[in-house]
Amino acid sequence: MKKILTFLMLTVLILSSAILFSFGAESSADVRIKEVQQYLNTEFDSYIDYIPCDGVSSPYMCKALVYALQALEGLPTGTANGNFGPTTKKCCPEIPYDGSALSYSGKKYTDSQIKEFTRLLQYALYVNGFDAGEADGIFDEEVQTALSDFQTLMGMEVTSEAELATWLRLLTTPGDTSRSAEAADSATILDERKADYLYSEGYRYIGRYLTNAAEGYDKALTRQEAEIILDAGLHFFPIYQTSGRKAEYFTASQGTADAEKAMTAAFKLGLPEGTVIYFAVDFDATRTQMKNNILSYFKVVSERMSKVSYRVGVYGSKGVCRTVSEKGYAHFSFVSSLSSAHYGNSGFKMPENWSFNQFDEITVNDGKTSFGIDKNDYSGRDEGVSCLVEPHTHSYKSSVTKEATCTKKGTMLYSCSCGDGYTASIAKKAHTPVTDKAVSPTYKKSGKTKGSHCKSCGEVLTAQETVARLKLGKVKSLKVSKTYSASVKLSWKKVTGAEGYKVQYSTDGKKWTSLTTEKTSLTVKKLKSGKSYRFRVRATAGKYSGDYSSQVKTVTKVSAGELKKLKSSKSAQLTATWTKLSGADGYQLYLSTSKKFTSKTTKKVTVKKGKTVKTTVKSLKKNKKYYVKIRGYKTVNDKKVYGSFSEVKSIKVKK
């Protein structure tokens with residue numbers, strides 16, 4: 001039975017991923033998302049069911065990130081549930097770690113454990129649209145920048161650190177629902193008591209509906225209510241929704257009808273020019289539904305609303321808001337972050353033009369009556385309506401001004417007695433489509449999407465769009481294969497599409513010296529001995545380059561030592577003199593009664609200053625011949641890096 005259930009779950013996940021794959025640009029296969037999926041499957045297989053490694057974000061993958069956090073916190077598999085609850089919050093460490101949060105077993109996290117939390121943080125940032133560099137578990141400048149950019153976009157306090165609030169916003173769509181809100185929306189008609197109560201609770205922006213729902217629910221904003229809201233010191237932002245819960249609703253003709261109804265209601269209320277009206281998409285749309293329905297609807301709404309100087313906003317998931325806005329059909333986005341289960345929310349970046357972000361549904365009481373509101377984050381982009389103008393109702397008459405042909409659209413003129421008017425297109429006659437083949441992009445040249453044109457008149461039906469050239473990947477697995485006193489051998493993994501590589505090295509990370517090669521390894525020569533160097537590599541193809549790899553560091557070895565003189569001036573001791581080595585922090589002298597320098601016959605003496613070139617060794621065996629050699633060393637990260645030994649010299653110690 002368990003195997004059957006697992007099979008069914010995998011089938012659902014694969015089908016869900018297939019649906020998501022068709023959603024939009026952010027949903028196409030991504031090698032970094034595939035890396036996240038492989039990481040989750042490999043490291044946390046005892047906590048989660050298998051995630052398809054298809055490079056496409058899904059709600060289950062995002063929930064698996066919460067399971068991963070719980071696993072790192074030490075929650076047992078029977079306790080971890082993928083929900084960011086009180087225990088998960090309590091054990092969640094701030095990065096950088098301040099030692100306050102303790103694991104599930106009550107212990108402080110070790111450095112290696114914090115490194116794994118940081119790796120998870122890097123993956124979570126990427127899933128949310130922010131590249132924090134290679135997921136190496138190192139909290140460096142790239143991670144801080146990504147955190148800062150994420151917090152800035154989300155309207156949070158910019159700390160460049162991953163405290164609990166940031167973890168919650170990264171791993172759950174609503175985030176910390178207990179946070180305060182400056183904005184809210186409600187289907188409840190507000191009287192003076194309710195409006196005053198909302199103002200006293202810190203709300204300043206209230207979303208209200210322009211019309212009633214198709215089901216007849218009384219929620220429409222009136223002129224009287226609008227004045228009550230403004231008199232209470234509140235601003236309001238108008239929302240248009242009569243249905244909008246199924247894809248079939250969104251058509252071009254419905255867009256025309258809704259734009260007309262929204263404008264009629266706005267004119268009747270006396271909303272001023274420039275007011276943003278948010279048209280609702282109250283379901284989780286796939287890309288097919290977006291292309292065939294939503295975009296057609298918003299294109300018409302945008303064109304119609306622009307004629308009367310009202311601006312269009314879109315309400316929906318992050319995916320819906322981004323897609324409509326990137327087409328230029330909406331000025332601002334009213335994001336519905338209430339559901340993490342929506343594919344349009346999980347793994348999608350917050351749209352840059354968001355004005356309100358709906359994150360929690362609550363019930364409040366004004367002291368007499370309870371009513372529901374949705375708490376919203378406020379970005380400051382849309383200040384809503386702060387005043388009203390004299391109401392006006394348009395009455396439009398239509399007339400055909402240009403008949404449609406096979407090659408050109410016709411036009412219909414709509415005019416109002418007040419002077420306002422707009423034109424609408426009449427669809428062209430049917431064409432005979434011919435496919436224009438797509439051209440695949442390369443690492444040097446851009447490509448084209450598939451298009452079409454009319455066989456009879458040649459008119460372009462679907463324009464071929466330019467597809468950006470392929471971007472060279474980041475060099476990975478850069479390592480130092482061998483280190484010598486004056487050279488370092490580097491090697492790295494091949495990058496697909498690369499024709500060559502640019503290698504740079506530096507001693508301070510500011511001034512870099514460049515070399516080129518067509519191979520995946522290179523020996524950098526003419527370096528200084530006993531010197532710390534850092535290296536980085538990026539792929540090249542013609543005039544284009546990929547991103548630099550993560551830097552690797554090494555210290556060149558100290559040059560071979562050179563003994564100048566041995567002298568035995570007193571009984572049972574000798575004095576050694578040698579040549580000073582550039583870059584050495586000290587020296588190690590070997591004295592042995594055996595040419596082979598066996599461990600039992602050898603005495604080691606360490607000289608801890610690089611400037612010292614002479615030392616006397618006492619308590620040797622009298623009348624014995626000693627073999628002597630020396631080498632320099634440099635201390636790096638509390639570890640001695642030794643150079644080569646000098647030639648061996650010998651001396652007989654006096655009686």
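Below are the figures for this structure:
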read-out: Acute angle (nearest 10 degrees) that the helix 2-21 long axis makes with the longest principal axis of the chain, alpha-carbon atoms; value: 70
read-out: Normalised contact order of region 483-606, rounded percent, pairs of Cα under 8 Å and 6 or more residues apart; value: 21
read-out: Whole-number D in µm²/s for region 111-196 (Stokes-Einstein; Kirkwood sum over Cα pairs; 25 °C, 0.890 mPa s); value: 169
read-out: Radius of gyration and maximum dimension Dmax of region 387-475, Cα, Å; value: 22.1, 67
read-out: Cα gyration tensor category, rounded, prolate or oblate, for region 318-410 with a/c compared to 1.5; value: oblate
read-out: Nonlocal amide H pairs with THR523, under 5 Å, H built at 1.01 Å; value: LEU490
read-out: Compactness relative to 2.2 N^0.38 Å, alpha carbon Rg of region 548-627; value: 1.40
read-out: The chain: angle of helix 31-43 to the longest principal axis, Cα-based, in degrees nearest 10; value: 70
read-out: Cα-Cα separations in region 50-92 greater than 17 Å, expressed as whole percent; value: 32
read-out: Burial ranking of peptide ranges 223-236, 57-70, 607-620 (average Cβ count within 10 Å, highest at the top); value: 57-70, 223-236, 607-620
read-out: Relative packing of peptides 512-523, 177-188 - highest average C-beta neighbours within 10 Å first; value: 177-188, 512-523
read-out: Accessible surface of the chain, 1.4 Å probe, proportion on carbon and sulfur as whole %; value: 49
read-out: Cα gyration tensor, region 338-487 - rounded (a/c under 1.5), prolate or oblate; value: oblate
read-out: Highest average packing first - 126-137, 326-337, Cβ atoms within 10 Å; value: 326-337, 126-137
read-out: Net charge over other residues, Cβ less than 14 angstrom from the Cβ of GLY328 (K, R count +1; D, E count -1); value: +1
read-out: Neighbourhood net charge (9 Å Cβ-Cβ; Lys/Arg +1, Asp/Glu -1) for TRP578; value: +3
read-out: Where the chain is the region considered: accessible area per residue in Å², 1.4 Å probe; value: 51
read-out: Rule-of-thumb Rg ratio for region 487-540 [Cα; 2.2 N^0.38 Å; N residues]; value: 1.14
read-out: Percentage relative contact order, the chain, counting C-alpha pairs under 8 Å, at least six apart; value: 7
read-out: Crossing angle, helix 141-153 versus the chain [Cα axis fit, 0-90 degrees, rounded to tens]; value: 10
read-out: Rounded if a/c under 1.5, otherwise prolate or oblate - region 405-547, Cα gyration tensor axes; value: prolate
read-out: Overall Cα dimensions of region 236-384, principal axis frame, Å, largest first; value: 44, 39, 27
read-out: Helix-only CD estimate at 222 nm, as mean residue ellipticity for the chain, using -39500 (n - 2.57) per DSSP H run (n ≥ 4); value: -7000 deg cm²/dmol
read-out: Region 482-623: C-alpha pair distances exceeding 24 Å, %; value: 51
read-out: Calculated over the chain: convex hull of Cα atoms, volume per residue (Å³); value: 240
read-out: Rg/Rh ratio calculated on Cα atoms of region 39-132 (Kirkwood radius); value: 0.95
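The values are calculated or read from the model by the stated rules, or taken from the named source; none is laboratory data. As the structure is a prediction and not an experimental result, all values here were calculated from the model. All Cβ positions, even for glycine, are placed from backbone atoms using ideal geometry, and neighbour counts span all protein chains on display. For the accessible areas, the whole protein counts, side chains as well, though only heavy atoms, and no ligand, DNA or RNA atoms are used. Shrake-Rupley method; radii C 1.70, N 1.55, O 1.52, S 1.80 Å.
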